[in-house]
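Right, one structure below, let's go through it.
The values are calculated or read from the model by the stated rules, or taken from the named source; none is laboratory data. Note that the structure is predicted; figures quoted are calculated from it, not measured. Counting neighbours? That spans all protein chains shown, and the Cβs are built from the backbone with ideal geometry, glycine included. To get the accessible areas, we keep the full protein, side chains included, count just its heavy atoms, and leave off ligands, DNA and RNA. Shrake-Rupley method; radii C 1.70, N 1.55, O 1.52, S 1.80 Å.
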Amino acid sequence: MTDRRMWTPVDPLGEALHFLRMTGTFYCRSELTAPWGLEMPAMPDCLWFHVVTAGRCWLESGGGEPLCLQPGDFALVPHGAGHRLWTEPGVATPDVVGLPQDMLSERYSLLRYGGGGAGTTLICGVVRFDHPAAHPLLKLLPRVIHQDAADSAHADWMQSTLRLMALEARELRPGGETVITRLADILVIQAIRAWMQKAPAARTGWLGALQDPQLGRALMLIHREPARAWTLASLASEAAMSRSAFAARFTELVGEPAMHYVARWRMHVALNSLKEEKPALGELASRLGYQSEAAFSRAFKRFIGISPGAVRRNPEAASARPPLVSERN
């Protein structure tokens, strides 16, 4: 009998990137004239992105060194932190939420603001990653990621993507928001890939474990088959390691014991399912390998901080949950 695993591609890091599917929260096309400044509010569990299609500006987040953004540049603020954009030091930076905007749709606006000088055009977005695979990756990203199109090895396609995004933002044709979201998917993933190629932090911790030939396979199988009755011994066998060596290396790289990671991953999957599908709790418990709804509910509340029933009734309730145990470190 043919082992189906022979035909399973083993690219755990690529698979994690595949799960970075964004859901748009809000988009804004900004037509700005110097001097101008804007304060972007903190948006927990979200990612800000900014595309400069004309002109230039500065971005500052968390007291770090300001970044100069030129036409074609793409900047990410991965942790939803408040930050500022401006044309020159000392200019006022009012909260963008309080400025008059033309609402082109429920989740898309046009902002015209500034002092009448040189023009800058931005496409800004606030997006959320809902798949559980996104959370551990986003947690590792730096305060800001700056993708400089002029220095990119893929400058031509990036510029073409940005031009198409600018066109969709300007005309807002039917389906335009979906097109912008998918284009932003590509740009965000490319920016994260570029960061991973250069940053030492991308070769340690959870990302380092994904790139480890043995631990990466175990992580990929946990992600693909959360309901499987995993044990430390079965995971070690999949990784072709001894039980003790696997347990020690997993904890060293990932930062938590393997079985704790399995349980936490199941709860992330459950949280995502409750928000998107609202399945019956007994059905969801069975789908994730729990023998009873009560056992599932206890595990869910321990990891997420509230009951699964509360999330099923109000999907936004989990947004105010306390950090997971591993996220406190």
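List of remarks:
- For the chain, the mean residue ellipticity at 222 nm estimated from helices alone is -12500 deg cm²/dmol, where every DSSP H run of n ≥ 4 contributes -39500 (n - 2.57) and the total is divided by all residues, rounded to the nearest 500.
- Rounded to the nearest 20 debye, dipole of the chain from Cβ charges on Lys, Arg, Asp, Glu: 1060
- Shown in residue order for region 234-242 are the 3J(HN,Hα) couplings computed by the Karplus curve 6.51 cos²θ - 1.76 cosθ + 1.60 at θ = phi - 60°: 5, 5, 4, 5, 4, 8, 6, 10, 6 Hz (x for Gly and Pro).
- Residues whose placed amide H lies under 5 Å from that of ASP73, excluding near-sequence neighbours: VAL52, ALA149
- Carbon + sulfur, % of accessible area of region 212-313 - ligands and nucleic acids excluded, 1.4 Å: 52
- With θ taken as phi - 60° and the Karplus curve 6.51 cos²θ - 1.76 cosθ + 1.60 applied, the whole-hertz 3J(HN,Hα) list for region 140-148 is 8, 6, x, 4, 9, 10, 10, 9, 8 Hz, x standing for glycine and proline.
- Helix 243-254 axis, angle to the chain major axis (alpha carbon atoms, nearest 10°): 10
- Applying 1/(1 + (r/R0)^6) with r as the Cβ-Cβ distance of ALA118 and LYS139 and R0 = 25 angstrom yields a FRET efficiency of 0.05.
- Rounded to 10°, Cα long-axis angle of helix 176-198 versus longest principal axis of the chain: 70
- Using bins of 10 Å that start at zero, the share of Cα-Cα pairs per bin across region 27-147 amounts to 13, 47, 32, 7, 0, in whole %.
- Highest mean packing comes first when the peptides 211-219, 191-199 are listed by Cβ atoms within 10 Å, giving 211-219, 191-199.
- Estimated translational diffusion coefficient (Stokes-Einstein, Kirkwood radius over Cα pairs, 10 °C, 1.306 mPa s) of region 212-313: 112 µm² per second.
- Lysine-lysine proximity count for the chain, Cα under 21 Å, sequence distance 8 or more or distinct chains: 4
- Cut-off under 5 Å, modelled amide H: who pairs with ARG107 long-range: none
- Taking every Cα-Cα distance in region 178-233 and sorting them into 10 Å bins starting at zero, the pair-distance distribution P(r) comes out as 20, 32, 31, 15, 1 percent.
- For Rg and Dmax of the Cα atoms in Å, calculated from these coordinates, the label among [x] 21.8, 73; [y] 18.0, 63; [z] 20.3, 65: [x]
- Using the 1.4 Å probe convention, the accessible area of region 212-313 works out to 44 Å² per residue with neighbouring protein chains retained.
- One quarter of the surface of the convex hull around the alpha-carbon atoms of region 116-242 equals 11.4 nm², the direction-averaged projected area.
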